[in-house]
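Input: a single structure, listed below in structure tokens.
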Amino acid sequence: MNLTFLGTSAGSPTSERNVSSIILDLLQERGKIWLFDCGEATQMQMQKAKYSLAKLEMIFLTHLHGDHLFGLPGVLTSRSLLQNQSPLTLIGPKGIKEFIETVTRVSYSWLTYPLNIIEIEHDDTVFEDKQFCIKARQLEHRVPCFGYRIIEKERPASLNIDKLKQDNISSGPLYAQLKQGKTVTLEDGRVINGLDYLGDAKPSRKLAILGDTIPCQSSIELAEDVDILVHEATQEDILQDKATERGHSTTVQAATIAKQAKTKRLIITHISPRYSLKDNDQLVNEAKSVFANTDIATDLASFQV
Ligand SMILES: [Zn+2]
Ligand SMILES: [Zn+2]
């Protein structure tokens, strides 16, 4: 599981940073990728990061401001050109359905695969299956805006392949049964208990990906105890008044949320176009003065969860 930032600029792109979009790479866990926000040129950034639209299973939008949304029509319609016609789920604030219907109608476009749109209007569990549970909570921005808490359910223990080989149990379909902890009978008559070959269950992972917001209680609750918190830091510390006025946070405010929520690691993104990459050290050091384990995202940077 890892996070790749496709765009890290706030409001509009710069020559160094594209607008908001993040890939959650679940290729190992479920053979799929999920997208959080979809700013302009997201499909181009996906190609640069070597991710295929064919693997895209879910899109989560934090809010409907253009810098988080305007790449969506391109992503959805390009996906129609693929051979792979697997369903896609789109989750975002109320209005997203009307946006998609309007943009496809006016541009004479159509989608060839099933698109399941889920509009959220209040705090809710927006997705759950046997692997993951995703909770959304409303943040405090100028328009309805949500943050997402992604909780991995317990990860199954892996098989101890070395031990199996030592005991002359060759690989094959029965490995799958052993992995489920079942007892199987081998061709040579031996009876083998899968539980004897399983390692410890790996701890499940949690992360929080928040949309634009001023500091608020929902952010702390979403970020509580997560392995990685992705928080916007539109402005430097000295511009707190400006940040608040526009519904945004500063570096220090993002770090304070990470500290209050006892997160393990903070990644700040959504950086105002007023800053260039040369300002990264200043911005990240401001955050580190409050929460040491902080990184600043740059376009196409990846972080292991
Ligand atoms: Zn924004
Ligand atoms: Zn916004």
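The values are calculated or read from the model by the stated rules, or taken from the named source; none is laboratory data. Fair warning: this is a prediction, and the values are worked out from it, not measured in the lab. Don't worry about glycine lacking a Cβ; one is built from the backbone with ideal geometry, like all the others, and counts go over all protein chains shown. SASA here: full protein model, heavy atoms, side chains in, ligands and nucleic acids out. Shrake-Rupley method; radii C 1.70, N 1.55, O 1.52, S 1.80 Å.
The figures follow:
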item	result
Count of the range 247-262 residues which are surrounded by fewer than 24 Cβ atoms within 10 Å (Cβ to Cβ) and without any contact (Cβ under 8 Å) to a residue 60 or more places away in the chain	6
Filter result for the condition that a residue is out of contact with any Cys (no Cβ under 6 Å at 6 or more places or on another chain) and either under 19 Å from residue 68 (Cβ atoms) or open to solvent by 80 Å² or more (accessible area, probe 1.4 Å) (or both), over 169, 150, 161	150
Sole exception among (1) open to solvent by 40 Å² or more (accessible area, probe 1.4 Å); (2) hydrophobic (A, V, I, L, M, F, W, C); (3) not in a helix (DSSP H, G or I) for residue 230, by number	(1)
Test: residue in the range 21-34 that is under 15 Å from the mean Cα position of the chain (by Cα), in contact (Cβ under 8 Å) with a residue 60 or more places away in the chain, part of a helix (DSSP H, G or I) and surrounded by 19 or more Cβ atoms within 10 Å (Cβ to Cβ)	no
Single residue of 143, 126 found to be aliphatic (A, V, I, L, M) and touching a His at 6+ places or on another chain (Cβ under 9 Å)	143
Residues located in the range 187-214, provided they are away from ligand 1 (no atom under 16 Å from the Cβ), outside any strand (DSSP E or B) and out of contact with any strand residue (DSSP E or B) (no Cβ under 6 Å at 6 or more places or on another chain)	187, 188, 189, 190, 194, 195, 196, 199, 200, 201, 203
Residue count for the range 247-271, restricted to those that are part of a strand (DSSP E or B) and either away from ligand 2 (no atom under 16 Å from the Cβ) or over 20 Å from the mean Cα position of the chain (by Cα) (or both)	3
Any hit, the range 266-281, residues being among the basic types (Lys, Arg), in the same structural domain as residue 92 (by TED's automatic domain parsing) and buried (at least 17 other Cβ atoms within 10 Å of the Cβ)	no
Residue ranges of strands (runs of 3 or more DSSP E) in the range 75-146 with at least 3 members open to solvent by 20 Å² or more (accessible area, probe 1.4 Å) and touching an Asp or Glu at 6+ places or on another chain (Cβ under 9 Å)	132-138
Residues within the range 49-71 that are in contact (Cβ under 8 Å) with a residue 60 or more places away in the chain, open to solvent by 10 Å² or more (accessible area, probe 1.4 Å) and within 9 Å of ligand 2 (Cβ to nearest atom), tallied	2
